[in-house]
1. Does residue 30 qualify as being touching a strand residue (DSSP E or B) at 6+ places or on another chain (Cβ under 8 Å), small (Gly, Ala, Ser) and either more than 10 Å from the ligand (Cβ to nearest atom) or in a helix (DSSP H, G or I) (or both)?
2. So is residue 68 outside any helix (DSSP H, G or I), touching a helix residue (DSSP H, G or I) at 6+ places or on another chain (Cβ under 6 Å) and on the phi < 0 side of the Ramachandran plot or not?
3. Can you tell me how many residues in region 90-122 are of a type in the set (Asp, Glu) and either away from the ligand (no atom under 11 Å from the Cβ) or at pLDDT below 95 (or both)?
4. Does residue 67 meet the test of being among the polar types (S, T, N, Q), under 21 Å from residue 4 (Cα atoms) and free of Cβ contacts under 8 Å to residues at least 60 places away in the same chain?
5. Does at least one position in region 74-82 carry a residue that is within 14 Å of the ligand (Cβ to nearest atom), in a helix (DSSP H, G or I), small (Gly, Ala, Ser) and under 25 Å from residue 132 (Cβ atoms)?
6. Given the criteria under 21 Å from residue 14 (Cα atoms) and exposed (fewer than 15 other Cβ atoms within 10 Å of the Cβ), does residue 109 qualify?
7. Picking from 55, 122, which residue would you name as being surrounded by fewer than 13 Cβ atoms within 10 Å (Cβ to Cβ) and either in a helix (DSSP H, G or I) or on the phi > 0 side of the Ramachandran plot (or both)?
8. Where the second residue is charged (D, E, K, R) and the first is within 22 Å of residue 135 (Cβ to Cβ) and lies in region 25-47, which pairs have Cβ atoms under 6 Å and are six or more apart or on separate chains?
Amino acid sequence: ATERTLSIIKPDATRRNLTGKINALFEDAGLRIVAQKRIQLSEAQAGKFYEVHKERPFYGSLVSSMTAAPVVVQVLEGEGAVLKNRDVMGATDPKKAEPHTVRAQFAESIEANSVHGSDSPENAAIEIAFFFAGTEILP
Ligand code: CMP
């Protein structure tokens, strides 16, 4: 079925001017960018977005890294978009990611791993609503 997923191009990638190269990988995989904006996350916003990781040792550092420079938040649409995007991103740890993936090609570390993508259709709906009004999504 056609799905939507929330994608974030992270500060490590926007800083290195990689937005276009990463978007090309999404589009080549058949994902359509149906909403996109470049924003500066506040600590409060990043903290809330990653609330599920609050008890993890890397939480503080993750929030700092996500607010260090602008991010590009986007809605990707396509057949099985959630899983497809996870295939394009590759494993969280770039050392474990398949060579063709965004993280293998561009990530700096397990934390500065260039992209975020929703992990389920349920979370995708929550994460899309976190950043976008319905009127901003134009398939
Ligand atoms: P993301 O897919 O955005 O979801 C949570 C993020 O936490 C993850 O990508 C990484 O940026 C970060 N992360 C996950 N595991 C670790 C770890 N072991 N050490 C540091 N950062 C991590």
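The values are calculated or read from the model by the stated rules, or taken from the named source; none is laboratory data. These numbers were taken from a predicted model, which means no experiment stands behind them. Quick reminder, even Gly has a Cβ in these numbers, built from the backbone with ideal geometry, and neighbours come from all protein chains shown.
1. Working: touching a strand residue (DSSP E or B) at 6+ places or on another chain (Cβ under 8 Å): yes; small (Gly, Ala, Ser): yes; either more than 10 Å from the ligand (Cβ to nearest atom) or in a helix (DSSP H, G or I) (or both): yes.
Criteria met by residue 30.
2. Numbers: outside any helix (DSSP H, G or I): yes; touching a helix residue (DSSP H, G or I) at 6+ places or on another chain (Cβ under 6 Å): yes; on the phi < 0 side of the Ramachandran plot: yes.
Answer is yes for this residue.
3. Going through region 90-122 one residue at a time, the tally reaches 2.
4. Numbers: among the polar types (S, T, N, Q): yes; under 21 Å from residue 4 (Cα atoms): no; free of Cβ contacts under 8 Å to residues at least 60 places away in the same chain: yes.
Criteria not met by residue 67.
5. No; the residues of region 74-82 include none that is within 14 Å of the ligand (Cβ to nearest atom), in a helix (DSSP H, G or I), small (Gly, Ala, Ser) and under 25 Å from residue 132 (Cβ atoms).
6. On the way: under 21 Å from residue 14 (Cα atoms): yes; exposed (fewer than 15 other Cβ atoms within 10 Å of the Cβ): yes.
Taking the combined requirement at face value, the residue satisfies it.
7. On the way: 55 fails: either in a helix (DSSP H, G or I) or on the phi > 0 side of the Ramachandran plot (or both).
The unique qualifying residue is 122.
8. 32/77; 34/77; 35/136
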